[in-house]
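Reviewing the structure listed below.
Bear in mind that the values in this text are calculations on the coordinates, not laboratory data. All values reported here derive from a predicted model rather than from experimental measurement. Using ideal geometry, Cβ is built from the backbone for each residue, glycine included, and neighbour counts are taken over all protein chains shown.
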Amino acid sequence: MATYLLVWNPNRWHWPDLADVVERVGRGEPVIDRWSCGSNRRIGHGDRVFLIRLGRKPKGIIGSGTVVVAPYEDLHWQPEKARQGRHTRYIEFQFDALLDPENEPILWRERLKSEAPFSNMHWDTRSSGVRIPDDIAVELEKTWADLVGRN
């Protein structure tokens with residue numbers, strides 16, 4: 001099982017039902033979402049994903065889940081690109097945790113950039129689907145579990 005980083009930039013895409021999704025995930029409901037994975041074709045069913053918020057503060061890891069549908073192409077998520085007929089790759093994943101970055105503590109980007117082993121990865125990517133190296137993924141899982149109360 002590999003681990004990948006998905007990116008959400010609220011400056012580029014408004015997430016209108018974020019509060020509702022956070023609440024549903026928090027109640028333990030199975031919530032499946034579709035997310036762009038850049039040009040990555042290697043993400044597979046069962047792989048882990050972590051969702052990072054970038055673009056504006058607060059920045060950091062806000063969610064995690066497991067891939068349930070491997071990459072496929074569809075119209076681009078940006079309406080103007082979709083109107084031009086442009087496509088992008090998507091995966092579908094089921095959340096196992098999602099935090100509201102405006103109201104809950106998240107795994108801050110500053111910590112990721114300054115604390116080993118996290119600091120060995122470039123977290124400020126513009127594109128989703130970047131593989132998180134295994135050694136970093138192991139520590140990320142532990143730190144995330146502590147944050148969301150799974151330990």
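In the chain the longest region clear of trypsin sites (Lys or Arg not before Pro) that are loop-assigned by DSSP and have at most 10 other C-beta atoms within 10 Å covers 57-151. Projecting the Cα atoms of Q78, N120, G26 onto the charge dipole of segment 3-148, computed from C-beta unit charges around the Cα centre, puts Q78 farthest toward the positive end. What's the angle, to the nearest 10 degrees (0 to 90), between helix 134-148's Cα axis and the longest principal axis of the chain? Between helix and principal axis, roughly 80 degrees. Along the chain, counting only GluC sites (Glu not before Pro) with a DSSP assignment other than H, G, I, E or B and at most 14 other Cβ atoms inside a 10 Å radius, the longest segment between sites is 1-101. Cα extents for segment 53-151 along the principal axes, largest to smallest and rounded to whole angstrom: 44, 28, 28. In the chain, the calculated helix contribution to ellipticity at 222 nm averages -6500 deg cm²/dmol per residue, counting -39,500 (n - 2.57) for every DSSP H run with n ≥ 4.
Each Lys and Arg Cβ is given +1 and each Asp and Glu Cβ -1; about its Cα centre, segment 3-148 then shows a dipole of about 700 debye. Think of the chain as a dipole: +1 on every Lys or Arg Cβ, -1 on every Asp or Glu Cβ, centred on the Cα centre; then among V138, N9, V69, N9 lies furthest on the positive end.
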